[in-house]
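Here the structure comes first, spelled out in structure tokens, and everything after it is commentary.
The values are calculated or read from the model by the stated rules, or taken from the named source; none is laboratory data. Keep in mind the model is a prediction, meaning the values are calculated, not measured. Ideal geometry is used to build each Cβ from the backbone, glycine not excepted, and the neighbour counts take in all protein chains shown. With ligands, DNA and RNA removed, areas are computed over all heavy atoms of the protein, side chains included. Shrake-Rupley method; radii C 1.70, N 1.55, O 1.52, S 1.80 Å.
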Amino acid sequence: MTDAVQVHGLHKSYHGAPAVDGVDLTIADGEIFALLGPNGAGKTTTVEILEGFRKRDSGEVRVLGEDPQRAPRRWRYGIGLVLQNASDMADMTVVETVRHFAGYYPDPRPVDEVLELVGLTEKADKKVRTLSGGQRRRVDVAIGVVGRPRLLFLDEPTTGFDPEARRQFWALIRQLSEQDATTILLTTHYLDEAEALAHRVGVISAGRILAVDTPANLGGRASAEATVSWIENGEPRHLRTDDPTGATLKLAARFDGQIPGLAITRPSLEDIYLDLIGSPR
Amino acid sequence: MTALTTETPENPTSTPRTVREPSVWRLCLSRGGVELRQFFRERTAVIFTFALPVVLLILLGAIFDKQMAATGIPSSQLLAAGMIAAGIGSTCFVNLATSITSDREDGTLKRLRGVPMPPIAYFVGKIILVLVTAVVEVAIVLAIATIFYDLPLPTDVGRWVTFAWVFLLGVTGCSLLGTAMSSVPRSVRAAAPIVNLPFLILQFVSGIFIVPITTLPQVLQQIGAVFPLKWMAQGFRSVFLPDAVAGMEPAGVWEHGRIALVLAAWCLGGLILCLTTFRWQGRKDG
């Protein structure tokens, strides 16, 4: 098993202003990796360099073993892209669109199977322009996966989805990952999405990767101090402690049984993320 | 084509599936299919494209309803020949510029760069689109002209040969210029005026609406003579009108050599413009 993505010392500036400033990144085959970061952090630039849309200033990049800047057309047989904000193929039907893009690959998935996978079987003969925003995104996903990619790029895939559509989408991504061992690079603004899907999360800010870890361990989250909250004399009380069990036992003794309003929380992924990018909470 | 053999990952024991790399030729045709379907499903654009020359031809034919004194040829026949050139300008230059601007804005170009498509397939798709629409356009104008204005269709091969090379050079030149023009507007909304206005002016100075072209002020004729439309119109007049009408051209003759030269020069210039200005990405994508 090789790594699907290897990046060392990646730099890219626009008009002298660095957008990506020394990014190192490795994504293993079969992994779901989420890249998080505020707008302007260098997320999109990094991903577009990996996708072969943009040229880097310096650094080493290997995607499926090739340099995206010099890769032959065949390299794209292994790459699937789910673009943001695309509104192309508006006058084509869903099935025509997927069939057309299947035609670019040597070994595409059967079109019916793809429509089933993204849940658009019933919309197959509808024109793409008549679909809702969420359905339109599923067409983009269908185009992204029809060529059986080894590596799938998902750029903020669930922006504008309602909660139910997001859950369905997550299930689809997990299915791709589990059944086909597709490597997935996801960029997202939603931390719950990263937490639900990603094996590992990378936080990028000001063009640098600040931390890479599993969602549970990111930024020392698992070993971070917990907060014990309860209500005493009608007032909410909080205690930050590295021994929440002990603290709770003491409280239980003090209250002689039930502790009113008891809650023990670890910092959320969002707390850790905001800490990392240095944003005030 | 290269044949590869793979095993299905889900079921490695099943018989290996033979997979073939898609041929470039098939992808070109596939792009052409998408272009044609997208175009003909956009009803308003279809009606506008094909109805405009017809409406103009009928209106102008009614307004300038007189015989040319020297030749006895009705001016509507001169209009019809010019309208064929204008129809090619409209389908190849205006429509292509608008459609590529739209492809850049709606994500078509970015998407296609992200799939294993040979770039030639995109351009061949557009060529198929402009050829089909230009042929339909010319057929409609010719039908109107023969039915309403008794425009005689030439019977000798030589004239059809002239028609073929004027058509091909005109379509090629206008398409290349349309492709280059597509880089100018910042958005599809801006594309309509930015592309249509110069085309409208060009139609006036090229003697499309006002016939014969010699009735235009000298300076406008000279401006028109710089651009391909005037030469296309002159070429089509030489196909459909009797040689006596050549006397009404600025030079007094059909000037086939010069027509070919000017149109070929525009093809070359348009090609250079395309190669130097064509962008797969929109401005906001950097």
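A few points about this structure:
- The fraction of accessible area contributed by carbon and sulfur in the stretch B:54-106 is 64 percent, rounded to a whole number (1.4 Å probe; ligands and nucleic acids excluded).
- 4 °C / 1.567 mPa s Stokes-Einstein diffusion coefficient of the stretch A:29-108, Kirkwood radius on C-alpha pairs, µm²/s: 86
- Tensor-based shape of the stretch A:105-217 (alpha-carbon gyration tensor, a/c under 1.5 rounded, otherwise prolate or oblate): prolate
- Highest mean first, the peptides B:191-200, B:271-280 sorted by other C-beta atoms within 10 Å per residue fall in the order B:191-200, B:271-280.
- Seen against the Cα atoms of chain B and their longest principal axis, helix B:95-106 is set at about 30 degrees.
- Given their separation in residues at 0.36 nm each and the Cα-Cα distance between them, A:Asp242 and A:Ser223 gain 6.0 nm when the chain is fully extended.
- For chain B, convex hull of alpha carbons as volume per residue, Å³: 169
- Chains B and A together, accessible area buried on both sides, 1.4 angstrom probe, square angstrom: 3100
- Rolling a 1.4 Å probe over the heavy atoms of the protein chains gives the stretch A:225-265 an accessible area of 70 Å² per residue.
- Test item: A:84-90 mean partner chain Cβ contacts at 10 Å: 6
- Note, ³J(HN,Hα) from phi for the stretch A:193-202, Karplus 6.51, -1.76, 1.60, rounded to Hz, x at Gly and Pro: 5, 4, 5, 6, 9, 7, 6, 9, 10, x
- Simple label model, 7 Å out from Cα along Cβ direction - B:Arg258 to A:Thr265, nm: 8.4
- Cα-based equivalent ellipsoid of the stretch A:225-265: semi-axis lengths in Å, sorted from largest, via gyration tensor: 15, 12, 7
- Here the stretch A:181-281 was treated as a single set of alpha-carbon atoms; its pair distances binned every 5 Å from 0 give 2, 11, 19, 18, 13, 11, 10, 8, 5, 2, 1 percent.
- For chain B, built as a Gaussian network whose Cα springs stay under 10 Å, the top-fluctuating residue of B:Arg189, B:Arg258, B:Arg20: B:Arg20
- Estimated translational diffusion coefficient (Stokes-Einstein, Kirkwood radius over Cα pairs, 37 °C, 0.692 mPa s) of chain A: 157 µm² per second.
- Percent accessible area from carbon and sulfur atoms, the stretch A:3-219, protein chains only, probe 1.4 Å: 45
- The distance separating the Cα centre of the stretch B:128-150 from that of the stretch A:251-280 comes to 76 Å.
- Rounded accessible area per residue of the stretch A:3-219, 1.4 Å, Å²: 39
- Between B:Val132 and B:Ile120, the distance separating the two model label sites (each 7 Å from Cα on the Cα→Cβ line) works out to 2.1 nm.
- For the stretch A:75-153 versus the stretch B:36-94, the gap between their alpha-carbon centres in whole angstrom: 40
- Alpha carbon centroid spacing (whole Å) that separates the stretch B:203-267 from the stretch A:1-63: 56
- Note on the stretch A:73-143: Kirkwood radius taken over Cα pairs, Stokes-Einstein applied at 37 °C and 0.692 mPa s, translational D equal to 268 µm² s⁻¹.
- The Rg/Rh ratio for the protein assembly as shown is 1.14, where Rg is the radius of gyration of the alpha carbons and Rh is the Kirkwood radius.
- Förster-model FRET efficiency, 25 Å R0, A:Thr214 and A:Ala181, C-beta, rounded to 0.05: 0.85
- Take each residue of peptide B:256-265, count the partner chain Cβ atoms within 10 Å of its Cβ, and average: the result is 0.
- Seen against the Cα atoms of chain A and their longest principal axis, helix A:244-255 is set at about 40 degrees.
- Excluding ligands, DNA and RNA, the accessible surface per residue across chain B is 45 Å² with a 1.4 Å probe.
- Shown is the FRET efficiency for A:Glu164 and B:Ala190, computed with R0 = 35 Å from the Cβ-Cβ distance and rounded to the nearest 0.05: 0.35.
- Note on chain A: GNM, Cα springs under 10 Å; of A:Arg208, A:Arg200, A:Arg73, the largest mean-square fluctuation is that of A:Arg73.
- Coordinate range along principal axes, alpha carbons of the stretch B:178-238, Å, largest first: 38, 21, 17
- In this structure, B:Asp243 and B:Ser23 have a Cβ-Cβ separation that, at R0 = 41 Å, corresponds to a calculated FRET efficiency of about 0.30.
- Per residue, the Cα convex hull of the stretch A:1-54 amounts to 78 Å³.
- Within the accessible area of the stretch A:225-265, the carbon and sulfur atoms contribute 51%, probe 1.4 Å, all protein chains present.
- Residues whose placed amide H lies under 5 Å from that of B:Glu21, excluding near-sequence neighbours: B:Thr2, B:Leu4
- Shielding of peptide A:147-156 by partners, expressed as the average count of other chain Cβ atoms within 10 Å per residue Cβ, is 1.
- Between B:Ile47 and B:Gln222, the distance separating the two model label sites (each 7 Å from Cα on the Cα→Cβ line) works out to 4.4 nm.
- Among A:242-251, A:28-37, the order from most to least packed when residues are scored by Cβ within 10 Å on average: A:28-37, A:242-251
- Among the cysteines of chain B, those with no neighbouring cysteine Cβ under 4.7 Å are B:Cys28, B:Cys267, B:Cys274.
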